[in-house]
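Student: Shown below is the structure under consideration.
The values are calculated or read from the model by the stated rules, or taken from the named source; none is laboratory data. Not measured: the values here are computed from a predicted model. Positions of Cβ are backbone-derived with ideal geometry, glycine not excepted, and every protein chain shown enters the neighbour counts. Heads up: the accessible areas ignore ligands, DNA and RNA and are worked out on the full protein's heavy atoms, side chains in. Shrake-Rupley method; radii C 1.70, N 1.55, O 1.52, S 1.80 Å.
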Amino acid sequence: MKCLPLLSALLLSASPAVADDFVYLRCESSRFIAVKNLKSNQIIKREEKTVIQHLKLDLLNSRIMGSLGGEWEEVEIVNGYVVEDKKEIVNGNTVIQKASMQFDPTGQIVADVLIRRDSLSELESGKIRGICKRSDESAFEKALNETES
């Protein structure tokens, strides 16, 4: 019967949804986008804007969800950073993305993206530079719901 108090202590201390399993961030970043026509080698579109996005980071499952996209994406988590380095084909377009975001402690977000659209003879390049700060679940849910409306 001595194991019963130990078992109770273990069960009470093991919560299935510990708050520390998720990190919520509010990131403000500048996004620079340029689209080049590959035939003429001319830039046909240039855009710069400031974007605020709320992020939910699932530390246990190494994934992230943004309030602007609303879907989970697998990431690598290394020493307080979210890291992405991927190349994939999406709808016939080649997408290359390299990104890092400091979350512990909070800090910079840096991302570079190249999208080659052979069907349109275009190359889109994008840069994201910004700062992330701690947030909370209610701010994330509010931002996610505003995006879906």
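Student: Consider Arg116 carefully, then state whether it is farther than 26 Å from Asn145 by Cα and touching a strand residue (DSSP E or B) at 6+ places or on another chain (Cβ under 7 Å).
Tutor: Spelling it out, Arg116 is indeed farther than 26 Å from Asn145 by Cα and touching a strand residue (DSSP E or B) at 6+ places or on another chain (Cβ under 7 Å).
Student: Residues that are within 24 Å of Glu28 (Cβ to Cβ), small (Gly, Ala, Ser) and open to solvent by less than 60 Å² (accessible area, probe 1.4 Å): list the strands (runs of 3 or more DSSP E) wholly contained in the stretch 64-127 that include at least 2 such residues.
Tutor: 93-103, 106-117
Student: Turning to a different aspect of this structure: Against the condition of a type outside the set (A, V, I, L, M, F, W, C) and free of Cβ contacts under 8 Å to residues at least 12 places away in the same chain, how does Gly107 come out, does it pass?
Tutor: no
Student: May I ask you to list the residues in the stretch 128-149 that are part of a strand (DSSP E or B), open to solvent by 80 Å² or more (accessible area, probe 1.4 Å) and not hydrophobic (A, V, I, L, M, F, W, C)?
Tutor: Within the stretch 128-149, Arg129, Lys133, Arg134 qualify.
Student: Pairs, please: C-beta under 9 Å, at least 6 apart or cross-chain, first residue among the aromatic types (Phe, Trp, Tyr) and in the stretch 61-80, second open to solvent by less than 50 Å² (accessible area, probe 1.4 Å) and not in a loop (DSSP other than H, G, I, E, B)?
Tutor: Short answer, once both residue conditions are applied: Trp72/Lys56; Trp72/Asp58; Trp72/Ile64; Trp72/Met65.
Student: Among residues belonging to the stretch 73-82 that are of a type in the set (A, V, I, L, M, F, W, C) and within 9 Å of the chain's Cα centre (by Cα), point out the one that is farthest from Asp20 (Cα to Cα).
Tutor: Step by step, filter the stretch 73-82, then rank; the result is Val75.
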